Amino acid sequence: MNEFKVTIDTFDGPLDLMLHLIKEKQLDLMNLDMNVLTDQYIAYLNQMENLHLEIASEYLSELATLIEYKSKKMLPGKHEDLDDSYEEDPKDRLVKRLLEYQQFKEASEDLNALYESRQLQLSRPLSDEVDQWMKEDESLPYEGNPYDLMRAMKRVMMRMRLSVPQESTYTVKEVSMEDRELKVRAMLDKLPKTFRFENLLEDVHDMPMFIATFLSVLDLARQHTLAFTVDENDVIWFTRGGNAE
Amino acid sequence: MNEDMNTIENNLPQIEANETVEAHEEKNVQLSMDPSIQEEEEAKLAQKENDVKLKAILEGLLFLVGDDGLTVEQASKSMDISTKKAEQLFDALQKDYVDDSRGFEIERYGSRYRFLSKAFVHEAAKKLFSIDKISKLSNAALETLAIIAYKQPITRVEIEEIRGVGADVMIRKLEARGLIKEEGRSDAPGRPFLYSVTDEFMDAFKLLSLDELPDLPEFNKDNNDDLFHS
């Protein structure tokens, strides 16, 4: 009853699988034997099914194209249908797609090499002290989308990880968001009208506390106690009073 | 810092003054060549000193901005110099760090210059910070990025046609990582979003501009064999 099911991502889609089959069976892409490709493709999907692997719908839709082509070819006297149609021959179309996909697959390998070498070079975050010089902008426009916020949060987390000394002992501590919210409210009184998310993190040294703080400000924003915005440097700014209507 | 800026400003007119004196003397004098040459030398020297100072300020700014990086425009604005001058200074400063006796260097990817530790530092840094893995991009992510970089601006459907798989989730992931952005809408039915790569993409792939991307491999009958039987 409870069959073991996994999804694998060995191939990045049906085109990737076809390219693999073509290479493996040493088929000539410029003179593609659709019969062999279709048989191999079906065999592979069957194998996946036998292993109880989930087959993504994209594979099935390409399979339908392959089978349609094969069946049309097999029908006697219907060949001219393929030639007469205004549409591009499905085989040519498939070959074209495979070639184009192959191009980008190769290009992505070049990109990967560049990415990996870039990963070996590290930079340091913006000087902390610069924060103190920064002008406070009282008028915070509310714009941006959740992804801006996600990206900005990632940055705050990274800075926190860099600035906090590594602790080697672990203690289990329950952090409740409600408690944290009370604390944050208390902190608000001491902060200027407009402040940065980092200002709320001065007593935060671990991830649960950090998350509780983030949830609290989200809740405060929901209650219109605070409004936030993310500027072009991915800094999260809060302003008190919010944009209450 | 303000003080420094003032002294530089003061230096500039001084140089001009030197130059006019020099020109004046050249007209006037057949007496001896020595004074004018000397003036010229002095002017050159002053210019050099000034440049050294400006370069040092630029270095300081780069140090402060960290991974935020500094654009030519930002440098020219904050130092009251022309963008051309700023570019020259960046160039000169960059050269100072090229030598392998330095552990970090100045790189410009996209529009921003920043200090980066050199690749050969990574081995030791890994031990110091117990970095156990390097962030990797999946094949699917790399392929999607390659398609966008070469074909931008491009719609989601166009990406899906090339890869033969849905790109919805991947686009949102790449957008959240800041590697791609929405840039206007296509005129196609439904006016779908167009996507293009960001400055952060340039940084992640060590590119100054998209022109630096290697040419897409051309495929035809002749080189087909190499591709599939290599």
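The values are calculated or read from the model by the stated rules, or taken from the named source; none is laboratory data. Not measured: the values here are computed from a predicted model. Cβ coordinates were reconstructed from backbone atoms using ideal geometry, including for glycine residues, and neighbour counts include every protein chain displayed. Just so you know, the surface numbers come from the protein's heavy atoms only, side chains and all, with ligands and any DNA or RNA stripped out. Shrake-Rupley method; radii C 1.70, N 1.55, O 1.52, S 1.80 Å.
Looking at the stretch B:91-98, is at least one residue out of contact with any Cys (no Cβ under 9 Å at 6 or more places or on another chain), within 24 Å of A:D128 (Cα to Cα) and within 14 Å of another protein chain (Cβ to nearest Cβ)? The answer is no; no qualifying residue exists. Residue-level check: of (1) open to solvent by 70 Å² or more (accessible area, probe 1.4 Å); (2) within 12 Å of chain A (Cβ to nearest Cβ); (3) among the basic types (K, R), B:R102 misses just (2).
Just checking, how many residues over the stretch A:64-111 are open to solvent by less than 40 Å² (accessible area, probe 1.4 Å) and modelled with pLDDT of 80 or more? The total comes to 13. With respect to the conditions (1) within 14 Å of chain A (Cβ to nearest Cβ); (2) within 18 Å of the chain's Cα centre (by Cα), B:L58 lacks only one, and its number is (1). Of everything in the stretch A:162-186 that is in a helix (DSSP H, G or I) and modelled with pLDDT under 70, the residue that is most open to solvent (accessible area, probe 1.4 Å) is A:L162.
When you look at B:E183, is it in contact with a helix residue (DSSP H, G or I) (Cβ under 8 Å, 6 or more places away or on another chain) and of a type in the set (D, E), yes or no? When the stated conditions are applied, B:E183 does not pass them. Kindly indicate whether any position in the stretch B:145-167 is under 21 Å from B:A204 (Cα atoms), surrounded by fewer than 22 Cβ atoms within 10 Å (Cβ to Cβ), within 7 Å of another protein chain (Cβ to nearest Cβ) and at pLDDT below 90. No, the stretch B:145-167 contains no residue that is under 21 Å from B:A204 (Cα atoms), surrounded by fewer than 22 Cβ atoms within 10 Å (Cβ to Cβ), within 7 Å of another protein chain (Cβ to nearest Cβ) and at pLDDT below 90. Is it the case, given these coordinates, that B:E123 is farther than 29 Å from B:R185 by Cβ and more than 7 Å from chain A (Cβ to nearest Cβ)? In short, yes. If you scan the stretch B:110-125, which residues turn out to be open to solvent by less than 70 Å² (accessible area, probe 1.4 Å) and not small (G, A, S)? Scanning the stretch B:110-125 gives B:R112, B:Y113, B:R114, B:F115, B:L116, B:K118, B:V121, B:H122. Look at (1) modelled with pLDDT under 80; (2) surrounded by fewer than 10 Cβ atoms within 10 Å (Cβ to Cβ) and you find that A:K190 fails only one, number (1).
Looking across the stretch B:131-144 at every residue that is of a type outside the set (G, A, S) and more than 7 Å from every other protein chain (Cβ to nearest Cβ), the one that is surrounded by the most Cβ atoms within 10 Å (Cβ to Cβ) is identified as B:T144. Only one of the numbered conditions (1) under 17 Å from A:Y115 (Cα atoms); (2) among the aliphatic types (A, V, I, L, M); (3) open to solvent by 40 Å² or more (accessible area, probe 1.4 Å) is not met by B:L128, and that is (1).
Under 6 Å between Cβ atoms, at least 6 apart or on separate chains: pull out the pairs that start in the stretch A:18-30 with a residue that is farther than 19 Å from A:Y59 by Cα and within 7 Å of chain B (Cβ to nearest Cβ) and end on any residue that is open to solvent by less than 20 Å² (accessible area, probe 1.4 Å) and of a type outside the set (V, I, T). Between residues of the stretch A:18-30 that are farther than 19 Å from A:Y59 by Cα and within 7 Å of chain B (Cβ to nearest Cβ) and residues that are open to solvent by less than 20 Å² (accessible area, probe 1.4 Å) and of a type outside the set (V, I, T), the close pairs are A:L29/B:N224; A:M30/B:N224.
Listed conditions (1) under 20 Å from A:D234 (Cα atoms); (2) in contact with a helix residue (DSSP H, G or I) (Cβ under 9 Å, 6 or more places away or on another chain); (3) surrounded by fewer than 16 Cβ atoms within 10 Å (Cβ to Cβ) are all met by B:D96, apart from (1).
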